[in-house]
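The values are calculated or read from the model by the stated rules, or taken from the named source; none is laboratory data. In this text, all values refer to a predicted model and were calculated from it rather than measured experimentally. Glycine also receives a Cβ, built like all others from the backbone with ideal geometry; neighbour counts cover every protein chain displayed.
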Amino acid sequence: MAQQCSLCNDEVDELYLLVKQTTLDLIRADHPEWIEADGGCKKCMDYYNALDGEVEVLTLRTNL
Ligand SMILES: [Zn+2]
């Protein structure tokens, strides 16, 4: 059954949920109306996970 990703509005077979708070915060920064329970498609989750990874690396470098 097709579902709609509330982040990119694509119709997808499956929606994914994230558990990592920092990644959720990144999504909310771009989509203030987004609700965590809505989840997102794999493309969006991969995108924000990758962004989150970059943020973590930058944060580590700043702390050094
Ligand atoms: Zn999406």
Determine which member of the set Asn9, Asn63 is surrounded by fewer than 11 Cβ atoms within 10 Å (Cβ to Cβ) and at pLDDT 95 or above.
Asn9
Of those in segment 1-48 that are part of a loop (DSSP other than H, G, I, E, B), among the charged types (D, E, K, R) and more than 10 Å from the ligand (Cβ to nearest atom), the residue nearest to Thr59 (Cα to Cα) is Lys20
